[in-house]
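One structure is given here, and the rest of the page talks about it.
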2 protein chains.
Amino acid sequence: MPKLTIRDIAQLAGLSKSTVSLVLNNSPKVDPATRERVLEVMRSHNYTPSSAATALAKGRTPFIGMIVPGLTWHMVAAVNYGVASVIEQSPYEIILYTSTNEKDYTALVERITTSGLSAGLLVVTHDQPLDPLEKLHRSGLPVVLVNTLGTPSSLPSVQTDNYEGTRIALRHLVELGHTRIACVQGLMAYVCCQDRYRGYLDALDEAGISPDPGLTVDGGFHPPTVRERVSELLARPDRPTAIVAQNDSTAYAVMQAVIDCGLRVPQDISVVGFDDIASSADTHPPLTTVRQPFPEMGVAAARMLLRTIDGDDAGAPDGDAGAVTSGGTDAGTAGTISMPTSLIVRESTTGAPSKPFTPARTPATGPDTPPRPWSGLGPNISSQR
Amino acid sequence: MPKLTIRDIAQLAGLSKSTVSLVLNNSPKVDPATRERVLEVMRSHNYTPSSAATALAKGRTPFIGMIVPGLTWHMVAAVNYGVASVIEQSPYEIILYTSTNEKDYTALVERITTSGLSAGLLVVTHDQPLDPLEKLHRSGLPVVLVNTLGTPSSLPSVQTDNYEGTRIALRHLVELGHTRIACVQGLMAYVCCQDRYRGYLDALDEAGISPDPGLTVDGGFHPPTVRERVSELLARPDRPTAIVAQNDSTAYAVMQAVIDCGLRVPQDISVVGFDDIASSADTHPPLTTVRQPFPEMGVAAARMLLRTIDGDDAGAPDGDAGAVTSGGTDAGTAGTISMPTSLIVRESTTGAPSKPFTPARTPATGPDTPPRPWSGLGPNISSQR
DNA sequence: CTGAAAGCGCTTACAG
DNA sequence: CTGAAAGCGCTTACAG
């Protein structure tokens with residue numbers, strides 16, 4: 001049986017197409033009784049309007065495009081979770097565009113532009129150039145970024161308060177009595193990493209601790225490198241008692257290095273991560289880390305986009321509590337939302353050891369030694385970069 | 001500037017809308033020269049047809065819906081990767097529907113049906129009831145399942161050859177000289193688990209080994225349970241020399257249990273997983289496991305769907321090499337595709353120890369003992385269930 | 001090979 | 001409060 005059209009409904013209800021259309025669009029001009037009758041007919045005949053026809057007539061589409069850099073990262077999945085939860089409640093559907101590295105990113109954006117399918121675009125950024133998106137935005141397409149790397153951009157975006165994130169981690173450590181606190185940097189080309197590092201430095205300063213340059217290790221978000229460098233660091237007599245890493249994957253490598261050196265987490269060395277990916281609750285010991293609110297970021301980004309597309313509705317009843325808005329000329333619309341992080345205290349941190357601990361033995365893993373089997377943590381998954 | 005329409009192009013080219021439409025649709029009836037001219041005009045003016053109008057006029061939409069059970073599982077992400085790679089080359093876009101547990105699954109299906117947006121549906125199944133999908137399919141909407149649990153269904157689907165998968169794992173162990181091989185079952189309610197278990201039993205039989213019921217442990221795909229049960233198993237004097245687990249997450253728990261008991265992988269106990277999720281290459285030692293070809297499954301499913309939607313094109317030039325098709329009344333269309341697995345041999349398996357090994361100490365982790373910190377593997381992520 | 005016309009299913013002024 | 005009409009941008013027989 002062929003799909004019913006508005007004409008059929010009109011006929012069945014003894015009305016004109018116009019009136020049916022009006023009830024479809026919730027016009028207040030239609031008589032409540034009539035309205036009810038039409039609704040009833042639609043219901044009983046299981047009618048749903050053709051979205052193609054609606055889109056054509058109204059001149060706008062019910063889709064929002066979402067570009068993600070592959071789905072295999074925890075972060076992306078978590079953001080999507082938040083996005084989906086708000087889009088689901090809206091009349092929009094998500095068109096998924098996966099921007100794999102191998103593919104020409106510009107071509108993807110081009111495809112989106114020319115297809116004209118999307119009423120707005122949600123982009124979980126990674127390393128891609130932002131210019132094509134900015135051009136798109138200037139040409140009128142609403143775009144909102146979930147700016148994972150904190151890259152500066154004129155586009156409306158939601159990101160994490162990376163600076164403050166590291167500061168709360170440091171404060172936690174300082175409260176526990178640590179004074180020799182090392183920092184394993186990520187990729188300093190990323191603004192998020194610069195911010196995290198600034199947070200580290202400033203928090204140290206606030207605690208009256210003068211930073212020891214020797215305690216900053218450049219890990220490049222690369223676990224093997226981190227493991228090696230941290231092992232070297234721990235072999236030194238003036239080794240730190242705590243280490244903050246710029247993401248969880250890297251923190252795993254730090255923990256690994258600690259074991260490699262015959263030390264223990266947290267008794268000898270406290271370790272703090274950044275991200276709070278799912279696996280961090282299950283490491284041995286469970287990792288204390290700075291949580292990035294990925295689902296909340298997805299929610300905020302989706303609401304922001306819906307708001308700019310539709311003017312207002314898409315109700316965000318309680319606002320994005322706790323988020324700091326800045327930038328936007330026009331309050332509540334554009335600008336950057338910086339989401340607050342929180343410290344998830346688990347078991348990888350504890351009070352600073354009262355006296356320097358002498359390692360039971362020298363590091364088993366040096367630069368040229370293969371990793372010991374079974375020496376500890378396993379998988380390093382969904383890295384932040 | 002307003003978007004160009006077919007009328008504008010016609011005017012600019014000095015032709016009628018009809019002709020322009022014909023070139024848009026690659027009609028052979030149009031004069032090559034004319035065609036070229038039209039194409040040139042479209043190109044220079046950056047014209048792209050309105051998909052809403054096209055959809056309305058043609059009576060079909062350029063979307064394929066994809067239902068996924070949340071994005072946080074490696075499996076789903078990997079399948080999506082394959083799906084995206086083929087859809088990308090087609091005129092279709094993916095509408096993403098995330099079916100979270102909390103949500104009414106039937107409502108989702110209902111929404112998809114009534115929106116009429118999708119020309120076909122790709123479903124990465126999990127635990128959901130298949131009936132709504134079967135109804136949908138009977139009503140004419142092409143549906144293809146990526147049947148992760150091997151649940152029997154009349155719907156066209158692609159799945160893994162679970163039976164054969166376990167058999168190759170067992171053959172590998174038998175070749176290494178193992179004869180006491182334990183099996184950690186998953187959830188036996190799932191057909192995939194039943195198949196894997198049958199594979200285990202049959203392979204044993206083929207090797208002339210009579211199965212010891214004591215070597216089958218019911219793990220329910222629950223890592224803590226597995227760790228505990230396997231620890232108990234290993235404490236027995238007649239413990240196995242090899243253990244196959246029904247997924248990788250569970251294999252991690254098995255490795256954990258081996259350490260708990262003061263034994264080593266693979267010297268004392270060989271361990272084999274199932275899935276080959278990303279993290280399995282990075283465990284200590286790297287896990288030997290049966291690879292499920294998730295991306296390939298995505299590719300196969302997408303091609304299958306495209307084929308049933310569009311009759312034939314959507315070129316799958318080399319066919320789905322290696323896959324076994326069965327069922328389909330009408331060759332190459334419906335039915336179930338069973339994808340071959342492969343054994344990824346890494347370092348968690350080795351020759352059977354020649355003589356029973358005496359543990360250095362008794363298990364440190366019993367049912368009531370908390371896990372030792374640092375005793376081994378960390379995160380258990382993206383479990384198969 | 002090309003054009004004029006009707007139609008896809010809905011919306012939106014405009015009358016009444 | 002309701003209806004007739006024109007239009008959204010494309011496609012598809014049907015003429016020529």
(message) Assume the label is 7 Å from Cα along Cα to beta carbon: what separations in nm does B:GLU175 have to the matching positions in the other copies?
(response) 5.7
(request) Please give the average number of partner chain Cβ atoms lying within 10 Å of the Cβ of each residue in A:69-77, rounded to a whole number. (result) 5
(message) Using the basic label-point model (7 angstrom from Cα toward the beta carbon), what is the B:ARG138 to A:THR179 distance in nanometres?
(response) 7.7
(request) Round to the nearest 0.05 the FRET efficiency obtained for B:ARG111 and B:ALA235 when R0 = 60 Å and r is the Cβ-Cβ distance. (result) 0.70
(message) For a test of the definition: using alpha carbon positions, the gyration tensor, and the 1.5 limit on a/c, classify segment B:162-291 as rounded, prolate or oblate.
(response) rounded
(request) Place a label point 7 angstrom from the Cα of B:ASN46 along the Cα-to-Cβ direction, then list the residues of segment A:141-155 whose backbone nitrogen is under 17 Å away. (result) A:141-143
(request) Enumerate the amide H contacts of B:ILE243 below 5 Å, restricted to partners 5 or more residues apart or on another chain; note that Pro and chain-start residues carry no placed amide H. (result) B:ALA182, B:SER270, B:VAL271, B:VAL272
(message) How shielded is A:48-57 by partner chains, expressed as the average number of their Cβ atoms within 10 Å of its Cβ atoms?
(response) 6
(message) At a threshold of 8 angstrom on Cα-Cα distance, excluding pairs fewer than six apart, so keeping six or more, what relative contact order does segment A:162-291 reach in percent?
(response) 25
(request) Over the whole of B:81-89, what's the average partner chain Cβ count within 10 Å per residue? Rounded to a whole number, please. (result) 3
(message) How would B:SER338, B:SER354, B:SER18 line up from fewest to most surrounding beta-carbon atoms within 10 angstrom?
(response) B:SER354, B:SER18, B:SER338
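Would you tally the net charge around B:ALA78, using a Cβ to Cβ cut-off of less than 14 Å, leaving B:ALA78 out, and scoring K and R as +1, D and E as -1?
Numbers: positive: B:ARG291; negative: B:ASP248, B:ASP275, B:ASP276, B:GLU296.
Local charge sum for B:ALA78: -3.
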(request) Hey, can you grab everything whose amide H is under 5 Å from the amide H of B:SER16? Only 5+ residues off in sequence or another chain; H modelled, so Pro and N-termini drop out. (result) none
(request) Output the peptides A:74-80, A:212-218 sorted from most to least packed, where packing is the average of other Cβ atoms within 10 Å over each peptide's residues. (result) A:74-80, A:212-218
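Bear in mind that the values in this text are calculations on the coordinates, not laboratory data. Treat the numbers as computed from the prediction; the structure is a model and nothing was measured. Glycine also receives a Cβ, built like all others from the backbone with ideal geometry; neighbour counts cover every protein chain displayed.
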